[in-house]
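Below is one structure, written out as structure tokens; comments come after it.
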Amino acid sequence: MNQEGQKRSSDSRTIMTQLIFPLDTNHYDTMFGGKLMEYMDKVAAIAAMRHARTRVVTASTDSLDFLAPIRVGEVIEVEAFVSWTHRSSMEIYVSVTAENLYAGTRAVTVTAFFTFVALGEDGKPSPVPSVVPESELERQLFATAPDRHQLRKNRKKHRLGN
């Protein structure tokens, strides 16, 4: 923690590496989107727990963009970190990079934003530390996060019919 109530984005960074097998794929020999989303949600949850040091729940997923297919035999690296916080919520940026181990090529295949809410012992939302971005990507995501937060609030409001 840098100052009281602040943590660096890098403190929450979480990386999971997986080899993609045939059971992970569809009939096109590319990875099931739902399986990949499961991995992304798990890594995002770990990043959120590292930041908040308490229980967390997924509140939303947005901007899940599949940029390229992931094929059988490739390795994926699912990376997540807290990009911004509100009172009890945290925006987690998740990216997936696929690597062809034989060719040595790597490409970002999926990116997304997950929102998690920290829960106290009573099961109610609890405050989280603010985040301090350090890298250029972290600063860029931090600067644009309030707009994404407002879009999420508007989307939720419209879905609830308010």
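Points to keep in mind about this one:
- Only one entry in R87, R50 is at negative phi, open to solvent by 60 Å² or more (accessible area, probe 1.4 Å) and in contact with a Pro (Cβ under 7 Å, 6 or more places away or on another chain), namely R87.
- Extreme residue, farthest from F116 (Cα to Cα), among residues of region 53-72 that are in contact (Cβ under 8 Å) with a residue 60 or more places away in the chain and open to solvent by 20 Å² or more (accessible area, probe 1.4 Å): S63
- Region 12-39 - residue that is of a type in the set (D, E) and more than 15 Å from T111 (Cα to Cα) and, of those, modelled with the lowest pLDDT: D29
- Qualifying residues in region 90-108 (those that are surrounded by 21 or more Cβ atoms within 10 Å (Cβ to Cβ) and of a type outside the set (A, V, I, L, M)) - the one farthest from D147 (Cα to Cα): Y93
- Checking V75 against (1) touching a helix residue (DSSP H, G or I) at 6+ places or on another chain (Cβ under 8 Å); (2) open to solvent by less than 60 Å² (accessible area, probe 1.4 Å); (3) more than 20 Å from F116 (Cβ to Cβ), the condition it does not meet: (1)
- Any hit, region 94-108, residues being of a type outside the set (A, V, I, L, M, F, W, C) and touching a residue at least 40 places away in the same chain (Cβ under 8 Å): no
The values are calculated or read from the model by the stated rules, or taken from the named source; none is laboratory data. All values derive from a computational prediction rather than experimental measurement. Cβ sites come from the backbone with ideal geometry, for glycine too, and all protein chains shown count toward neighbours. Heads up: the accessible areas ignore ligands, DNA and RNA and are worked out on the full protein's heavy atoms, side chains in. Shrake-Rupley method; radii C 1.70, N 1.55, O 1.52, S 1.80 Å.
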